[in-house]
């Protein structure tokens, strides 16, 4: 008897399943932090906010960062499997998946290198103040840095999900005249500029939930337009 899951296609399916499972945890918590927790913290009293930062936020951040980690691990495994099976990046699938991967990778780095280190400072400050000590003077700046990186991840998540889904469900025209390098450069410049803003800039129009959603869809349109214009040759 042939068991489908023990075939190469079955292994690829399992990798994709786990990739989706952990990505739901990661992106779901990203949206929770930005769409639910942030507005709630802005409206609630100081004691409730402090208690939540000490007890709720660390738990949510644990699932958040490890959801991101395993999303990336299973994503890399999927790409290795795909390339081993002979799939080319100079195709509609390849272009879409590479853009999604680029956005996802930057988002992952934001989680582990910016959001988590700064949130640890915020949590430590709230814990110290609740124990009768003094709040850490750097906590406010740390919260701002984590918040900007988190908002940027929401911004990136919208085109990231678009291009990940497009890899299998939306065929983009490509031929021998397609300007793959130009496409990569233009998309790369946009991602780099927005990431530099995430590190040193301001939230700007992304300050509100509505604003970051609108910016995310606008970014998706711009990126998709670049893909269509450059790959048609």
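For region 1-23, a tally of residues being closer than 27 Å to residue 68 by Cβ and in contact (Cβ under 8 Å) with a residue 12 or more places away in the chain returns 8.
Being within 16 Å of the chain's Cα centre (by Cα) and surrounded by 13 or more Cβ atoms within 10 Å (Cβ to Cβ) is the filter; apply it to region 195-208 and report the residue that is farthest from residue 105 (Cα to Cα).
206
Scanning for something loosely packed, with under 13 Cβ neighbours inside 10 Å, out of contact with any strand residue (DSSP E or B) (no Cβ under 9 Å at 6 or more places or on another chain), under 30 Å from residue 131 (Cβ atoms) and in contact (Cβ under 8 Å) with a residue 40 or more places away in the chain, does region 44-53 turn up at least one residue? No, there is no match, as no residue in region 44-53 is loosely packed, with under 13 Cβ neighbours inside 10 Å, out of contact with any strand residue (DSSP E or B) (no Cβ under 9 Å at 6 or more places or on another chain), under 30 Å from residue 131 (Cβ atoms) and in contact (Cβ under 8 Å) with a residue 40 or more places away in the chain. In region 159-174, of all residues being surrounded by fewer than 20 Cβ atoms within 10 Å (Cβ to Cβ) and modelled with pLDDT of 95 or more, the one that is farthest from residue 209 (Cα to Cα) corresponds to 165. Comparison of 129, 135 shows that the only residue that is more than 19 Å from the chain's Cα centre (by Cα), without any contact (Cβ under 8 Å) to a residue 24 or more places away in the chain and surrounded by 12 or more Cβ atoms within 10 Å (Cβ to Cβ) is 135.
Which one of 76, 121 is modelled with pLDDT of 95 or more, more than 14 Å from the chain's Cα centre (by Cα), part of a helix (DSSP H, G or I) and closer than 30 Å to residue 7 by Cβ? Full working, then the answer.
Working: 121 fails: closer than 30 Å to residue 7 by Cβ.
Selected residue: 76, the only one of 76, 121 that is modelled with pLDDT of 95 or more, more than 14 Å from the chain's Cα centre (by Cα), part of a helix (DSSP H, G or I) and closer than 30 Å to residue 7 by Cβ.
The values are calculated or read from the model by the stated rules, or taken from the named source; none is laboratory data. Because the structure is a prediction, the values reported are computed rather than measured. Quick reminder, even Gly has a Cβ in these numbers, built from the backbone with ideal geometry, and neighbours come from all protein chains shown.
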